[in-house]
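Inspection log for the structure reproduced underneath, given as structure tokens.
The values are calculated or read from the model by the stated rules, or taken from the named source; none is laboratory data. All values derive from a computational prediction rather than experimental measurement. Cβ placement follows ideal geometry from the backbone for every residue including glycine, while neighbour counts extend to all protein chains displayed. When the accessible area is computed, the model is the full protein with side chains, heavy atoms only, and any ligands, DNA or RNA have been set aside. Shrake-Rupley method; radii C 1.70, N 1.55, O 1.52, S 1.80 Å.
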Amino acid sequence: MASSIQSSLLFFLFFFFAAAIAPSLQQSFRPKALVLPVSKDASTHQYLTRISQRTPLVPVNLVVDLGGQFLWVDCEQNYVSSTYLPARCGSAVCSLARASGCGDCFSAARPGCNNNTCGVTPDNTVTHTATGGEVASDVVSVNSSDGSNPGRAVNVARFVFACAPTSLLDGLASGVQGMAGLGRTKIALPSQFASAFSFNRKFAVCLSSSATSNGVIFFGDGPYNLLPNIDASQSLAYTPLYINPVSTASAYSQGEPSSEYFIKVTSVTVGDKTLSLNSTLLSIDSDGYGGTKISTVDPYTVLESSIFAALTEAFAEEVTAMNITRVSAVSPFKYCFSSAGIGSTRVGPAVPYIFLALQGDQVVWTITGSNSMVAVSEDVLCLGFVDGGSRPRTSVVIGGYQLQDNLVQFDLARSRLGFSSTLLGRQTTCANFNFTSNA
């Protein structure tokens, strides 16, 4: 009888301690990396991702804004959460968000409308519209990753973001509820995830060229494995990232630097011809004009007019020598060609490569036909570059189409960009991440 009681007591104690320890074990799991899917909206050419937010968790579709300052979402419609916390004036969250000023709301309290809260300026970088919005925090949940598959979902209990009115969604893809800012700020997604899980302040973007298969964003270090068992991080070349000292946002405070990612292009070559360019356009001046940035909200690369003219004329000369016929322009492009005379290669249409030399010609970003030519119909291919005018804020904006099937890694701690050029030459694509969960 004593033995039976002793056994029962041991059994009870085992399960008591197991139950007590289980939550702490779950909490102690620290992912080495996180992963998000990225799709392309066919009608707007915007790149979209999805996170889970709030309590209870709901899926939130967002436009990916590579240089965006923070996560902002529509709080006016259907924002219901028991864990929503407005940032009170003078709090550490307000300081982290660089939120100046203190405001009240003169209607019933709700997410996005509370008294004694600080605010920032959510920016729709597609329409270049900005408005005031309450700073807040709430639960955000994303999948961990080992670099090959998604793993278990992990939560950030107090993820800082900004509320915005429904009107700020104008111009964004149907069904989205905000924008996911990946820029160089303390409350952008990369910095918050790195802080929450104590991993390196790195993230990598791999946009898919497929209309039906997702690309991927990794937060944290590699490997970045793509089928068939190719670690795309091994293909990276590196160049410094530069800070534009003047903000490029739609609204900003004096002295605020840009949150976008700039690199230094030193020369541009089309085929065998190096373009004659005004070199001052390739540097950022004291007013924040010039230079080269990378963007996911610009669907195609945008060039200052003289750079655009030099590149397109050189390209047209090269393809004319290849007996490729120029045809009528198709908006927004100015140079289009009959596809009948253009062959096909593993890295896209057989046209002259475009080379962007970085940091004094030591490192070169190669743009092959897969990233330079846009099929606007079965019979017509257009050069996927757009004229940005004679006095744009940034001289060269490398757009989403030129990023497709390229892995680009942003190392914030070392302030450098890693880029692969096209992955097609390695017989893989950005659609080849295996989203089958191993959790």
Quiz item: How do the strands (runs of 3 or more DSSP E) wholly within segment 395-439 filter down when requiring 3 or more residues that are hydrophobic (A, V, I, L, M, F, W, C), surrounded by fewer than 22 Cβ atoms within 10 Å (Cβ to Cβ) and without any contact (Cβ under 8 Å) to a residue 60 or more places away in the chain: which remain?
Solution: none
Exercise. Taking Ser377 as meeting all but one of (1) of a type in the set (Gly, Ala, Ser); (2) part of a loop (DSSP other than H, G, I, E, B); (3) buried (at least 18 other Cβ atoms within 10 Å of the Cβ), write down the number of the exception.
Key: (3)
Quiz item: Based on what the data block shows, is Arg98 of a type in the set (Lys, Arg), out of contact with any helix residue (DSSP H, G or I) (no Cβ under 7 Å at 6 or more places or on another chain), outside any loop (DSSP other than H, G, I, E, B) and touching a residue at least 12 places away in the same chain (Cβ under 8 Å)?
Solution: no
Exercise. Identify the single condition in (1) modelled with pLDDT of 95 or more; (2) over 30 Å from Ser28 (Cβ atoms); (3) over 16 Å from the mean Cα position of the chain (by Cα); (4) not small (Gly, Ala, Ser) that Thr212 does not satisfy, given that it satisfies every other one.
Key: (1)
Quiz item: How many of the residues making up segment 277-329 are closer than 25 Å to Glu256 by Cα, assigned to a helix (DSSP H, G or I) and either in contact with a helix residue (DSSP H, G or I) (Cβ under 7 Å, 6 or more places away or on another chain) or touching a residue at least 40 places away in the same chain (Cβ under 8 Å) (or both)?
Solution: 2
Quiz item: Considering only segment 260-276, how many residues are touching a strand residue (DSSP E or B) at 6+ places or on another chain (Cβ under 9 Å), within 21 Å of Thr368 (Cα to Cα) and part of a strand (DSSP E or B)?
Solution: 8
Quiz prompt | Members of segment 156-172 found to be farther than 22 Å from Lys186 by Cα and open to solvent by 10 Å² or more (accessible area, probe 1.4 Å), listed by number | solution = Pro165, Thr166, Ser167, Leu169, Asp170, Gly171, Leu172
Practice problem: Confirm whether Ala153 is over 30 Å from Met373 (Cβ atoms), among the hydrophobic types (A, V, I, L, M, F, W, C) and open to solvent by 30 Å² or more (accessible area, probe 1.4 Å). | Solution: yes
Quiz item: Given Ser95, Ser100, Ser82, which one is of a type outside the set (Phe, Trp, Tyr), touching a Cys at 6+ places or on another chain (Cβ under 8 Å) and open to solvent by 30 Å² or more (accessible area, probe 1.4 Å)?
Solution: Ser100
Quiz prompt | Number of positions in segment 103-139 that are part of a strand (DSSP E or B) and open to solvent by less than 50 Å² (accessible area, probe 1.4 Å) | solution = 15
Practice problem: For segment 341-365, name all the residues that are open to solvent by 30 Å² or more (accessible area, probe 1.4 Å), out of contact with any Gly (no Cβ under 6 Å at 6 or more places or on another chain) and at pLDDT 95 or above. | Solution: Gly343, Ser344, Thr345, Arg346, Tyr353, Phe355, Val364
Quiz item: Within segment 173-186, can you find the residues that are among the aliphatic types (A, V, I, L, M), open to solvent by less than 10 Å² (accessible area, probe 1.4 Å) and either at positive phi or over 14 Å from the mean Cα position of the chain (by Cα) (or both)?
Solution: Ala173
